[in-house]
1. Measure off 7 Å from each Cα along the Cα-to-Cβ vector at SER126 and LEU43, then give the distance between these two points in nanometres to one decimal.
2. Whole-Hz ³J(HN,Hα) for each residue in the stretch 125-135, computed from phi via Karplus 6.51 cos²θ - 1.76 cosθ + 1.60 with θ = phi - 60°, x for glycine and proline: what do you get?
3. Summing +1 for each Lys or Arg and -1 for each Asp or Glu, what net charge is found among the other residues whose Cβ lies under 14 Å from the Cβ of PHE57?
4. Once label points are set 7 Å from the Cα along Cα→Cβ at both ARG79 and ILE9, what is their separation, rounded to one decimal in nm?
5. When the Cα centres of the stretch 116-142 and the stretch 6-83 are compared, how far apart do they sit, in Å?
6. Give me the one-decimal nm value for the distance between modelled label points at MET60 and GLN23, 7 Å along each residue's Cα-to-Cβ direction.
7. For an R0 of 30 angstrom, estimate the FRET efficiency from the Cβ-Cβ distance between ALA157 and TYR32 and round to the nearest 0.05.
8. What net charge is computed for the residues neighbouring ALA10, neighbours being all others with C-beta under 15 Å from the C-beta of ALA10, Lys and Arg scored +1, Asp and Glu -1?
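Where a number appears in this text, it was derived from the coordinates with a stated rule and is not lab data. If you're wondering where the values come from, they're calculated on a predicted model, not measured in any experiment. For neighbour counting, all protein chains shown are included, and Cβ atoms are generated from backbone atoms with ideal geometry for every residue, glycine included.
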Amino acid sequence: VTSLMLVNIALETMRTVTSDEVQILQDELCKYLLTWSYTTTDLIILSLTLRVIFNLFQPMLRNEMKVPLEIFLTSVHMRILDTTTKKTSTSQQQTNNKNTTTLSSFSKEQQEAALESLLEFCQEPSLMQDLYLNYDCDVNCTNLFDTIVGSLAAMAAPNSSSITAHNKP
């Protein structure tokens, strides 16, 4: 926990960055952040890890960290949130087929932490435009903007089983 807090402070207060520091961030820090996000069940460690990931993509580092940003958004944020959207869509399958079950490996608190972090990314003024231009328009990259917007829309829209007579149009 202390190491994540110190890295966070360093990233938040950083004014300039050298190529050696970028190399350390890309190689070592990114590897540890991915490991922690995959192995931890501790909400504090996950929250701090997500915060460090967010701080890695300040405007001065964003161009240097294109591939890690794609990896973090798809392998950390969307992986945690995807269980929410899959669970919603499979609940309809469960009514049709009682043998189908989907268990989420993430708690509601972990999903909420990932959602809050993703929303923090979305609040960055130029980031969403950068995601579209640098990822969705690049045939070699994941359509991050489309994936994020689709996931957020799926989480915001109620599933059909929760619509009652009171809220039907």
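1. Placing both labels 7 Å beyond Cα along the Cβ direction yields 3.6 nm.
2. x, 9, 5, 5, 5, 4, 4, 5, 5, 8, 10
3. On the way: positive: ARG51, ARG62, LYS66; negative: GLU12, GLU64, GLU70, GLU120, GLU124, ASP130.
My count for the surroundings of PHE57 gives -3.
4. 2.9
5. That distance is 15 Å.
6. 2.0
7. 0.25
8. Details: positive: ARG15, ARG51; negative: GLU12, ASP20, GLU21, GLU28.
Value of the local net charge: -2.
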